[in-house]
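Written below as structure tokens is the structure these notes are about.
The values are calculated or read from the model by the stated rules, or taken from the named source; none is laboratory data. In this text the structure is predicted, and so the values were computed from the model without any measurement. Positions of Cβ are generated from backbone atoms using ideal geometry, with glycine treated the same way; all protein chains shown enter the neighbour counts. Only protein heavy atoms, including side chains, enter the accessible area calculation; ligands, DNA and RNA are left aside. Shrake-Rupley method; radii C 1.70, N 1.55, O 1.52, S 1.80 Å.
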Amino acid sequence: MTLLKLALKSCYNRRASVILTLFTIAISVMLLLSIERVRIDAKSSFSNTISSTDLIVGARTGDIQLLLVSVFRIGHSNNAVSWQSYQDIKQRRGVAWTIPISLGDSHKGYSVLGTDSHYFTHYRFGKKQPLKFSAGRAFHNAQEVVLGSEVAKKLHYHLGQKIVISHGMGNTSFHHHDDNPMTIVGILEPTGTPVDKTVHVPLIAIETIHSSTSTPRSIKQKSRDVDTQTTHSDEHEHGPLESEPGDLIGTPKQITAFLMGFDSPLYTLQVRRNINQYKAEPLLAIMPTVTLKELWEMLDIVEKILLLFSMVVVVISLLGMLTTLLATLNQRRRELAILRSVGARPWHIFSLMSFEAILITLTGCVFGTLGFYGALFTIEPLLQSQFGISLSINTLSSYELTLLSVIMVAGTVMGLIPAARAYFYSLNDGMSIKI
Amino acid sequence: MFLHGPSGSGKSTLLGLLAGINPVQQGDIVTLGQSLAKLSHAKKDRFRADHIGTIFQNFNLLPYLSPLENVILGCEFSPARAKKAQQDGGSIPDQASNLLTALGIETHQLHCNVATLSIGQQQRVAAARAFIGRPEIIIADEPTSALDADTREAFITTLFSQAKKYQATIIFVSHDNNLAKLFDREISLPSINGASQ
């Protein structure tokens, strides 16, 4: 029988209060770990929303507003960029690619984004990951639509199905364009970004949605964009996804914004300055990485408060353990006197009490970590679908291990207090049992 | 040896001094030829563990250990006693159950919860713990005050038979003078304790 075994048996004897204490610590550890994991993953998820895009250009508003509208589909832009300006700016030196985006419509609550085929080739998210199709392909003509993974999943859409895009935002749009059904030709893989909640249509389709005439545009209209010029292939295979390649651009007067990539980062600042001083119309160019960081810093105080709260919860739970240990100490003076009488030294008593605190904290941490993984598996799908935050379900990071060891140390230090008291009791009480 | 005196006459203090728990402030105490005043705290603890067995008035046992484990606890902090117990009984648990049986604890009770034992049985378990590993001195601090008259005498008799077997000195403290006749020597504490006068 070692001291450890004595401590274990003694704890087992007082299991009701020990289990309660353990439970509090486990819950607080779980809370702290979960909040920290969500906080860190939300941050990385957030900053991974868009990558490789050097500039986002829109009508002049605030930096953050432009970012919210163009990347997060939050809010709406009152002004737009004229098509001429877009055409002009994309000719600038050093411009590798541009993606026009036109927002403002919705389909059953999901944003509709008008764009061209560059979107599928140049758009990057996360760690420079390209968009991939889980099914189908990019749109080839005005009647085709590509869905984000969540749109397809939530609305139970499948390839080849015909859907109708409504005008305006919101779920309950009165103005339905029933005469313009569009065919789903592609579904994207999940990205954990707002792309998942977006319905992608060709720019020309946005015009079609808005035009009061129901006459479809000629698909033979000459494409303005070189890259979107799709070869009129002669093959006429019969399948739900086979279609005539057509014009994707149409004759838009304006777009909401456009994304730009440069051949070299050197051009970015120069072009940005030029755009911000653009004569023809007031434009604003932002660097998404910089603005994402600014936006996150605005939320910084919230995340700090979250961290503070979860730490306070841990401290409270450890104080709870301290209270329990101190409260039971008086009842255990007899136990200590017996141990002393059989020759236990005061430091034996001291270690016995410290073991107990360490044991409770350690077990609390273990159960807390288990609970944390349990919670992770439970809330991961929810966070992914509701907020687009993808939680990484993997082993504890070094940061999380540091947190756990800090809790362990704190628990041990707390445990030293009753241990020290027991030590002095055992010195003073001697053999006599005081109750 | 029978030590008696009313409450507050310094019985427990004397026992604490003998056992080396209470520090010696003046003079010296020589137990088994060892001057306790000269020993460090750790050495006194070791001395107590090796040479002294203790029986308290009541609630002698750790509630979370079985009677057998409670007896084994007597060897836990003393390698010397553990060795002697091993010599006596083959192994420490064997010697522990030998002692328990000799003191009248049934075999099926060895592993039960100590709370299910009667007070008399608990005191016997405590006695077994005091005797294991043949300590030279057994300090019994009013071990019979929680027992009724019949069990009291029976308990003391068993105590004596074990003490004879293991050649231990019993220092028995009580305020009950009626028990004095059972002992070889008797000391009335108030009569010799100048400090309390």
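Points to keep in mind about this one:
- Subset tally (residues that are open to solvent by 60 Å² or more (accessible area, probe 1.4 Å) and within 12 Å of another protein chain (Cβ to nearest Cβ)) for segment B:113-130: 2
- Filter result for A:H158 (surrounded by fewer than 16 Cβ atoms within 10 Å (Cβ to Cβ) and either closer than 19 Å to A:I99 by Cα or at pLDDT 85 or above (or both)): yes
- Qualifying residue in segment A:306-313 (condition: in contact with a strand residue (DSSP E or B) (Cβ under 7 Å, 6 or more places away or on another chain) and surrounded by 14 or more Cβ atoms within 10 Å (Cβ to Cβ)): no
- Filtered by the rule that a residue be among the polar types (S, T, N, Q), within 11 Å of another protein chain (Cβ to nearest Cβ) and assigned to a helix (DSSP H, G or I), segment B:48-103 gives a lone residue, B:N70.
- Counting residues in segment A:267-290 that are modelled with pLDDT under 85, open to solvent by 50 Å² or more (accessible area, probe 1.4 Å) and hydrophobic (A, V, I, L, M, F, W, C) gives zero.
- From A:T2, A:T61, residue being open to solvent by 10 Å² or more (accessible area, probe 1.4 Å) and either at positive phi or modelled with pLDDT of 85 or more (or both): A:T61
- Single unsatisfied condition, B:V30 versus (1) within 30 Å of B:N177 (Cβ to Cβ); (2) touching a Lys or Arg at 6+ places or on another chain (Cβ under 6 Å): (2)
- Verdict on A:V342 being open to solvent by less than 60 Å² (accessible area, probe 1.4 Å), at negative phi and within 14 Å of another protein chain (Cβ to nearest Cβ): yes
- Against the numbered list (1) of a type in the set (A, V, I, L, M, F, W, C); (2) within 14 Å of another protein chain (Cβ to nearest Cβ); (3) buried (at least 22 other Cβ atoms within 10 Å of the Cβ), A:F350 comes up short only at (3).
- Among the residues of segment A:271-289, those that are over 14 Å from A:T61 (Cβ atoms) and free of Cβ contacts under 8 Å to residues at least 12 places away in the same chain comprise A:R273, A:Q277, A:K279.
- Counting the residues of segment A:1-19 that are more than 8 Å from chain B (Cβ to nearest Cβ) and of a type in the set (S, T, N, Q) gives 2.
- Against the numbered list (1) open to solvent by 10 Å² or more (accessible area, probe 1.4 Å); (2) of a type outside the set (D, E, K, R); (3) out of contact with any helix residue (DSSP H, G or I) (no Cβ under 8 Å at 6 or more places or on another chain); (4) modelled with pLDDT under 85, A:A205 comes up short only at (1).
- Applying the criterion of being of a type in the set (S, T, N, Q) and over 18 Å from A:V112 (Cα atoms) to the residues of segment A:66-92, the residue that is surrounded by the fewest Cβ atoms within 10 Å (Cβ to Cβ) is A:Q91.
- Residues in segment A:93-104 that are surrounded by 15 or more Cβ atoms within 10 Å (Cβ to Cβ) and in contact with a Phe, Trp or Tyr (Cβ under 8 Å, 6 or more places away or on another chain): A:G94, A:V95, A:T98, A:I99, A:P100, A:I101.
- Test set (1) farther than 30 Å from B:S188 by Cα; (2) at the interface with another protein chain (Cβ under 8 Å from one of its Cβ atoms); (3) surrounded by fewer than 18 Cβ atoms within 10 Å (Cβ to Cβ) - B:H41 fails condition number: (1)
- Taken over segment A:47-58, the criterion of being within 9 Å of A:T289 (Cβ to Cβ) and open to solvent by less than 20 Å² (accessible area, probe 1.4 Å) is satisfied by A:I50, A:S51, A:T53.
- Qualifying residue in segment B:17-24 (condition: among the β-branched types (V, I, T) and at pLDDT 75 or above): no
- Helices (runs of 4 or more DSSP H) contained in segment A:247-355 and holding at least 2 residues under 25 Å from the mean Cα position of the chain (by Cα): A:288-298, A:300-331
- Segment A:121-136 - residue that is touching a residue at least 60 places away in the same chain (Cβ under 8 Å) and open to solvent by less than 50 Å² (accessible area, probe 1.4 Å) and, of those, farthest from A:L266 (Cα to Cα): A:G136
- Whichever residue in segment A:5-22 is farther than 18 Å from A:A327 by Cα and basic (K, R) and, among such residues, is most open to solvent (accessible area, probe 1.4 Å): A:K5
- Residue match in segment A:23-39 (condition: within 14 Å of another protein chain (Cβ to nearest Cβ), open to solvent by 10 Å² or more (accessible area, probe 1.4 Å) and farther than 30 Å from A:F125 by Cα): no
- Residues that are open to solvent by less than 30 Å² (accessible area, probe 1.4 Å) and farther than 25 Å from B:R152 by Cα are absent from segment B:2-19 altogether.
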